[in-house]
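Worksheet: one structure, shown below.
The values are calculated or read from the model by the stated rules, or taken from the named source; none is laboratory data. Keep in mind that this is a model prediction, so the values were computed, not measured. Methodologically, a virtual Cβ is constructed for each residue, glycine included, from the backbone with ideal geometry; neighbour enumeration extends over all protein chains shown.
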């Protein structure tokens, strides 16, 4: 199963969605896209559906009512992918903070280098973040350091949201047992893969702050991650 699916959660991304879709489809490798839209009032879903006529076999959408959280969006996408013949499943933001060209580098880390999970890492070679306030950089960087210290996982960017999972990783996980729903979800997924014995490889990227639209980050997101990591430490994994 060599098919590749990029899952893009959206809420009010009308300024970015068409451009990001066209950019991904311009890449070699035949990527497909699944947009998970949480009832965007700005017409994001309508813009995606208009493009589906142009890309009928490659572009898909799931519409949900209300903001249900980043983690639940990805879990919905993972289950959708596993019901079909996708061998490589990607997480990516809609706002170009992740360079779509790097999708090929993440894929090669899994398909050619043998990684089970490839992580687009902002911190494995120093700090590679552009146009973030210093406070936010420090918060993100030290959050990952905290996770490494508590969980003992040797990943520099545990909160990264630019990831390629091989199908076997998601098939092995009990996705219904994933408990964190905000950005802590990213930590829980990586730690679960690590505890199950899969190989994780960081691929250095340059993360660029969004130029259009509004960030969805909040202090509550970091609170969930902080306490959730302590709970993860005591979890059993089978």
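Here's the yes/no breakdown for (1) within 26 Å of residue 103 (Cα to Cα); (2) at pLDDT 65 or above; (3) surrounded by fewer than 18 Cβ atoms within 10 Å (Cβ to Cβ); (4) in contact with a helix residue (DSSP H, G or I) (Cβ under 7 Å, 6 or more places away or on another chain):
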{"site": "175", "(1), (2), (3), (4)": "yes, yes, yes, yes"}
{"site": "181", "(1), (2), (3), (4)": "yes, yes, no, yes"}
{"site": "189", "(1), (2), (3), (4)": "yes, yes, no, no"}
{"site": "202", "(1), (2), (3), (4)": "yes, yes, no, no"}
{"site": "206", "(1), (2), (3), (4)": "yes, yes, yes, no"}
{"site": "213", "(1), (2), (3), (4)": "yes, no, no, no"}
{"site": "220", "(1), (2), (3), (4)": "no, no, yes, no"}
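Only one of these is in contact with a helix residue (DSSP H, G or I) (Cβ under 8 Å, 6 or more places away or on another chain), modelled with pLDDT under 95, within 26 Å of residue 5 (Cβ to Cβ) and buried (at least 17 other Cβ atoms within 10 Å of the Cβ): 89, 155. Name it. Being in contact with a helix residue (DSSP H, G or I) (Cβ under 8 Å, 6 or more places away or on another chain), modelled with pLDDT under 95, within 26 Å of residue 5 (Cβ to Cβ) and buried (at least 17 other Cβ atoms within 10 Å of the Cβ) holds for just one of 89, 155, which is 155.
Of all residues in the range 92-109, those that are surrounded by fewer than 18 Cβ atoms within 10 Å (Cβ to Cβ) and not in a helix (DSSP H, G or I) total 1.
Which residues, taken from the range 110-128, are within 21 Å of residue 154 (Cα to Cα) and not in a loop (DSSP other than H, G, I, E, B)? Give the derivation first.
Here is the first cut: in the range 110-128, the ones within 21 Å of residue 154 (Cα to Cα) are 110, 113-128.
Of everything in the range 110-128, those that are within 21 Å of residue 154 (Cα to Cα) and not in a loop (DSSP other than H, G, I, E, B) turn out to be 110, 117, 118, 119, 120, 121.
Considering only residues of the range 128-147 that are surrounded by 14 or more Cβ atoms within 10 Å (Cβ to Cβ) and without any contact (Cβ under 8 Å) to a residue 40 or more places away in the chain, which is farthest from residue 196 (Cα to Cα)?
In this case the residue turns out to be 137.
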